[in-house]
Amino acid sequence: MKFLVVDDDPIVLDLVSTVLRQEGHVDVTTVASGQAALGLLRVSEDPFDLLILDVEMPEMSGIEVCAKIRQIPSYRRTPIIMLTARSDTDSIESAFSAGANDYITKPFAISSIGARTQIAKRMMGEDCKVFTYQSLVDTLPGPFGMHDFDLDEPVVINDLSQHTDPFSLGNYLSQLAQQRVAETSVFALKIDNFDVYHDELPGREALLMIAAMSDAIAKVAANTRLLNAYFGSGAFMCISNNQLVDDWLEVEAKIEAIFSQFKPSNGDSFSSPLTITMGRPHRPYLSKTQRVRRTFERAKLQMDRRVQMKMAVS
């Protein structure tokens, strides 16, 4: 793998590059600023396979650098690992929203670098379509029912607030400290009848609908710790603090109220109001080895139960 490490601390640059080379990665480039990194990425003919960025840097933070990297077409899916101080963990949500996929807290154990790079390798094999919101806005609608993604396929739309991909959302959850787990809730929600919209909407419109749903979640969760990811078939997984979901039925109603304002770009209205279904939030499992799988499975089960209840009532 070809690495780029960005940090304004020369000691950190030397340590990280030494560890990577000891693990057999001989192609490691280091730079001391975000501007230098962006300049290198734009002119490099042989793309880097993995980027490691420090969060706190002068002039341009690692989060800003990450967001700008995601605007470069050839780096929309390249794994990005953030280096952050333990006291700066609150900014991690912003880093994931900017396009980061993983993080390492400083001071870090040398072994953690190798572990996170192995996870990044696995991510490179994950199947997740990547889009940017601006490119969707600038694209013509296209034919009805024809999309660049399948109904059940996960996608990520870069440059959306508090939005990431499923793999990175799992990374974030797996690394939460036990104290943070106690302050965290996970829930799933979905766009009702998304299969119908996927068949009937023209090209980009289904993706814009996904973006509208993510935006509604982010707006309701303003000023709270939240990340969301689209898992396919109209379903989202969300990680939030407990404060947001104390009254989760009210949260569902607020998200639906914002999302229901979405209209296709041609100005037409849908034949029936847009609705959503949200599952009851729950606390993540403490066990790190099973936390992601079991937590996400339970969140999906809670959502499916609500869907069945609504169908029975209707």
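The values are calculated or read from the model by the stated rules, or taken from the named source; none is laboratory data. Everything quoted here is computed from the prediction, not taken from an experiment. As a convention, Cβ positions derive from the backbone with ideal geometry for all residues, glycine included, and neighbour counts pool all protein chains shown. Only protein heavy atoms, including side chains, enter the accessible area calculation; ligands, DNA and RNA are left aside. Shrake-Rupley method; radii C 1.70, N 1.55, O 1.52, S 1.80 Å.
Looking at ALA221, ALA229 in this structure, which one is closer than 28 Å to ALA182 by Cα, at pLDDT below 95 and open to solvent by less than 10 Å² (accessible area, probe 1.4 Å)? Even if it seems obvious, please write down each step before you answer.
On the way: ALA229 fails: at pLDDT below 95.
Result of the check over ALA221, ALA229: ALA221.
Identify all residues within the range 134-160 that are touching an Asp or Glu at 6+ places or on another chain (Cβ under 8 Å), at pLDDT below 85 and either closer than 17 Å to PHE236 by Cβ or assigned to a helix (DSSP H, G or I) (or both); write none if there are none.
Scanning the range 134-160 gives a single hit, GLN134.
Look at PHE167 and say whether it is closer than 23 Å to LYS68 by Cα and open to solvent by 30 Å² or more (accessible area, probe 1.4 Å).
When the stated conditions are applied, PHE167 passes them.
Evaluate the following for VAL5: is it modelled with pLDDT of 95 or more, buried (at least 16 other Cβ atoms within 10 Å of the Cβ) and not polar (S, T, N, Q)?
It is true that VAL5 is modelled with pLDDT of 95 or more, buried (at least 16 other Cβ atoms within 10 Å of the Cβ) and not polar (S, T, N, Q).
Among the numbered criteria (1) in contact with a strand residue (DSSP E or B) (Cβ under 9 Å, 6 or more places away or on another chain); (2) under 20 Å from LEU169 (Cβ atoms); (3) surrounded by 16 or more Cβ atoms within 10 Å (Cβ to Cβ); (4) not aromatic (Phe, Trp, Tyr), which single criterion is violated by ASN242?
Failed condition: (3).
Results for (1) open to solvent by 60 Å² or more (accessible area, probe 1.4 Å); (2) part of a helix (DSSP H, G or I), shown as yes or no for each residue.
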| position | (1), (2) |
| --- | --- |
| ALA37 | no, yes |
| GLN71 | yes, no |
| ILE81 | no, no |
| THR117 | no, yes |
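Output the residue which, of all residues in the range 245-281 that are among the small types (Gly, Ala, Ser) and more than 27 Å from THR139 (Cβ to Cβ), is least open to solvent (accessible area, probe 1.4 Å).
Ranking the candidates gives GLY279 first.
For a quick check of your reading of the model, give me the residue pairs whose first member lies in the range 244-271 and is free of Cβ contacts under 8 Å to residues at least 60 places away in the same chain, whose second is open to solvent by less than 90 Å² (accessible area, probe 1.4 Å) and β-branched (Val, Ile, Thr), with beta-carbon atoms closer than 7 Å and at least 6 apart or on different chains.
From residues that are free of Cβ contacts under 8 Å to residues at least 60 places away in the same chain, the pairs are LEU244/THR224; LEU244/VAL251; VAL251/VAL220; VAL251/VAL245; LYS254/VAL220; GLU256/THR275; GLU256/ILE276; ILE258/VAL220.
Name the pairs: first residue in the range 282-293 and modelled with pLDDT of 90 or more, second residue assigned to a helix (DSSP H, G or I) and charged (D, E, K, R), Cβ to Cβ under 7 Å, at least 6 apart or on different chains?
HIS282/ARG298; PRO284/ARG291; TYR285/ARG291; TYR285/ARG294
If you take the residues in the range 47-71 that are out of contact with any strand residue (DSSP E or B) (no Cβ under 6 Å at 6 or more places or on another chain) and among the small types (Gly, Ala, Ser), which one is nearest to SER33 (Cα to Cα)?
SER61
If you go through the range 17-32 one residue at a time, how many are surrounded by fewer than 17 Cβ atoms within 10 Å (Cβ to Cβ) and of a type in the set (S, T, N, Q)?
So the answer is 3.
Can you name the residue in the range 89-115 that is among the acidic types (Asp, Glu) and part of a helix (DSSP H, G or I) and is also most open to solvent (accessible area, probe 1.4 Å) among such residues?
ASP90
Mind checking whether some residue in the range 284-301 is in a helix (DSSP H, G or I), within 18 Å of PHE194 (Cβ to Cβ) and touching a strand residue (DSSP E or B) at 6+ places or on another chain (Cβ under 6 Å)?
yes
Anything in the range 100-133 that is at pLDDT below 80 and of a type in the set (D, E, K, R)? List them, or say none.
Of everything in the range 100-133, those that are at pLDDT below 80 and of a type in the set (D, E, K, R) turn out to be LYS121, ARG122, GLU126, ASP127.
What are the residue pairs meeting all of these: first residue in the range 22-33, first residue under 8 Å from LYS2 (Cα atoms), second residue surrounded by fewer than 14 Cβ atoms within 10 Å (Cβ to Cβ), Cβ atoms under 7 Å, and 6 or more apart or on different chains?
That search, which allows pairs on different chains as well, returns VAL28/ARG21.
Does the range 205-220 contain any residue that is in a loop (DSSP other than H, G, I, E, B) and not acidic (Asp, Glu)?
No, every residue in the range 205-220 fails to be in a loop (DSSP other than H, G, I, E, B) and not acidic (Asp, Glu).
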